[in-house]
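Asker: Please find one structure pasted underneath; my questions will follow.
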Amino acid sequence: MEQLNIEGKRSGEGFICHRERLASTLSRAQAPKARIGDIELGRKGFLNYLKALGGSNVVKVTPNGSASEAQAAEKGLRVVCGRNTGYLPDRAWVSDKDGFGETCEIRVSPNGSVVPNLGAIELAEALSRVIPFAANKTEQRPVLNCVRFAKGNGKLTLTTSDAYRLAEITLDFEDGEAEALIPAEELKGLVSALKKAHRVRLAFEPNGNDHNNLIIETEAIRYKFAGESGTFPNYQQVIPAEFKAAARFDTREMMKAGASLSALSLDKASAITLSLKKGKLMLSATDDRGSAQVEAEVEGEAETALSGAYLTQALKALGGMAEVKLSNPKVPILFAVDGYRLAVMPVVMPSKPKVHIEAEAIARKAEAQAESEAQAHADKPKKKSRKAKEPVAA
């Protein structure tokens, strides 16, 4: 449920406000219908009508009391803007497909200020980083279709999971403890609206069913999301506490390397082996069709494999300089950057044929022998030549 908070002046049963401010607020709403009092209008139709009005930036909206006799008999609104007057019947611009959709309620007050407790861009970016990793509607566990909002210890944590990947981001927040599970599908349209907002306040509201609703209020719109029942999985036990290797890298460089390997593979669902060895970060196609080295600061040695599509999506969510941590091929891979963590389940690394293993062993032995001989040759003292120098002919 959305409530549009319009700063203006009440006028009898109607109101007076700035036309552009009303239009701007309507453009941020997500619901297909708008309600003024007991009148419903198609939101986009009402928005387009306001944009088309000219002559004044002040609009007055009142019930049809002063309209003509025929119009006054209808339930609707009278809109005056400069020398323009329009009469909007109830459910104007409401189509059949909008009939069962959500409705945003327009409320006008002299003061539309909001005391913020979060940054608007900060919350928008946090949502954009976790929503893609929520399970889709085919998932039989409804809690995995949701974003988990939880506050505690001065932090707000947003978490999603589709059982193969788990995304978590932590923001500084006010004290107290509360939790709410909100369907990710309902939050998608909120990201773009938050990017236009200047102030944001987030709060939890008990709904009487042992779980909470989520309230997100901006200077223009108040959003109310009904919380779902259920308990989010104890995901902390899935994330490894210790790792064998770690690397810090540029996500753009790794994305280019991953894209080149995916282009080589004949299988769209190809996997990529991620290897941290000898101070190098290497990506290689599991079908041995290619490899690529990525500039990185590497500590320790470990190797695992993951879906190429999952790697690409993870890198897009991370952005900039990020860190990856590996343990063993059966333990989740952990990506992290600035309070954001993304755990990805690995895929089974393909076993190499015996002939390949033997060939690699021979190659490694030959390489080690060549290095040993080269070192011995370098350490051997050079003999001085006793041959007299021949005179140079003039």
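Where a number appears in this text, it was derived from the coordinates with a stated rule and is not lab data. All values derive from a computational prediction rather than experimental measurement. Neighbour counts run over all protein chains shown; Cβ positions are idealised from the backbone, glycine included.
Asker: How big is D, in µm² s⁻¹, for region 180-252 by Stokes-Einstein at 37 °C and 0.692 mPa s if Rh is the Kirkwood radius over C-alpha pairs?
Answerer: 212
Asker: Cross-link list LYS9/LYS188; LYS9/LYS151; LYS33/LYS75: which exceed 27 angstrom alpha carbon to alpha carbon?
Answerer: Pairs exceeding the cut-off: LYS9/LYS188; LYS9/LYS151.
Asker: Also, quick follow-up: Taking a temperature of 4 °C and a viscosity of 1.567 mPa s, what whole-number D in µm²/s does Stokes-Einstein yield for region 120-236 with Rh from Kirkwood over alpha carbon pairs?
Answerer: Result for D is 91 µm²/s.
Asker: With equal scatterers on the alpha carbons only and no solvent term, can you work out the Debye log10 of I(q)/I(0) for region 54-188 at 0.10, 0.12, 0.13, 0.15 1/Å?
Answerer: Result of the Debye calculation: -0.61, -0.75, -0.80, -0.88.
Asker: Taking all pairs of distinct Cα atoms, average 1/r, flip it, and tell me the Kirkwood hydrodynamic radius of region 2-109 in Å to one decimal place.
Answerer: 13.8
Asker: Right, next: Assuming R0 = 41 Å, what is the FRET efficiency of ASN111 and GLN140, from their Cβ-Cβ distance, to the nearest 0.05?
Answerer: The computed FRET efficiency comes out at 0.30.
Asker: Roughly what would the spin-label model give for THR312 and ARG201, points 7 Å off Cα along C-beta, in nm?
Answerer: The modelled label-to-label distance comes out at 4.4 nm.
Asker: For a distance above 16 Å, tell me the whole-number percent of Cα pairs in region 239-344 that qualify.
Answerer: 52
Asker: Out of all DSSP beta bridges with both ends in region 2-109, state the antiparallel percent to the nearest 5.
Answerer: Taking every DSSP beta bridge within region 2-109, about 70 percent pair in antiparallel fashion.
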